[in-house]
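The values are calculated or read from the model by the stated rules, or taken from the named source; none is laboratory data. Nothing here was measured: the structure is a model prediction, and the numbers come from that model. Virtual Cβ from ideal backbone geometry, glycine too; neighbours counted across all protein chains shown. We work out accessible area using only protein heavy atoms, side chains counted, and drop any ligands, DNA or RNA first. Shrake-Rupley method; radii C 1.70, N 1.55, O 1.52, S 1.80 Å.
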Amino acid sequence: MIYFKNLRWKNLLSTGNVFTEIDLASKDMTLIIGINGAGKSTILDALSFALFGKPFRKINKPQLVNSITQKNMVIELEFSIGSNEYKIIRGMKPNIFEVYQNGNLLNQSAEMKDYQEILEKQIIKVNQRSFNQVVILGSATFQPFMQLPGGQRREIIEELLDLQIFTTMNSVLKDRTQTNNGKIKDCNSDVRLLEEKIKLTEQHMDDL
């Protein structure tokens, strides 16, 4: 279970160059209300971008940066999973992506894509699609479960029940099947080639 504690950002969309901070740990439940355009969805964009590097709404990533400052967009998210405390710092112009566990920066030697994969698969154990369907439930991206394509429904259920191993096993078996099929084709080609050689040899013996 993920317990979000603190979310802060600056230069995100229409917010300026001063951090906006929301303390999510002071109460058991937080209700945020406001008129259209007040920035409610901006909070979801900040949360989604911190975790997945993508906005919650269907907007291009460059559009996330404040159009006036055009730089130094930074989002910080603090949360806990079990006994471990995590902090994510992610930004654009310049690009920043740091994940801290119990105050220690995790190894950044891997490529950005691999670092994100570690965050999704080993830490929060959910991808953005499942997060939007299960956690955020916003009207901008939410789609009823039974209206999702079969592959997406399976993916969500596997993540909720921690059954991704079966998809991994299926992929491994498919790879092995393709490899074996390739070997069978090679063997069949060798057999046909040997049969032709036998026929030619037999014809030569008959001629002799």
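Numbers below:
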quantity	calculated
Qualifying residue in the range 20-31 (condition: closer than 25 Å to Met112 by Cβ and among the small types (Gly, Ala, Ser))	no
Checklist (1) open to solvent by 40 Å² or more (accessible area, probe 1.4 Å); (2) more than 28 Å from Lys113 (Cα to Cα) applied to Gly16, failing item	(1)
Answer residue from the range 56-114, given it is hydrophobic (A, V, I, L, M, F, W, C) and in a loop (DSSP other than H, G, I, E, B) and is modelled with the highest pLDDT among those	Ile68
Qualifying residue in the range 35-45 (condition: modelled with pLDDT under 85, over 24 Å from Lys125 (Cα atoms) and polar (S, T, N, Q))	yes
Residue among Lys87, Lys61, Lys54, Lys10 that alone is within 20 Å of Val135 (Cα to Cα), open to solvent by 40 Å² or more (accessible area, probe 1.4 Å), touching a residue at least 24 places away in the same chain (Cβ under 8 Å) and not polar (S, T, N, Q)	Lys54
Pairs where the first residue, in the range 26-41, is closer than 21 Å to Asn132 by Cβ and open to solvent by less than 100 Å² (accessible area, probe 1.4 Å) and the second is in a loop (DSSP other than H, G, I, E, B) and among the aromatic types (Phe, Trp, Tyr), C-beta under 9 Å, 6+ apart	Ser41/Phe56
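Residues checked against (1) in contact with a helix residue (DSSP H, G or I) (Cβ under 9 Å, 6 or more places away or on another chain); (2) closer than 18 Å to Val126 by Cβ:
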| position | (1), (2) |
| --- | --- |
| Ser14 | yes, no |
| Asp23 | no, no |
| Asn84 | yes, yes |
| Gln101 | yes, yes |
| Met112 | no, no |
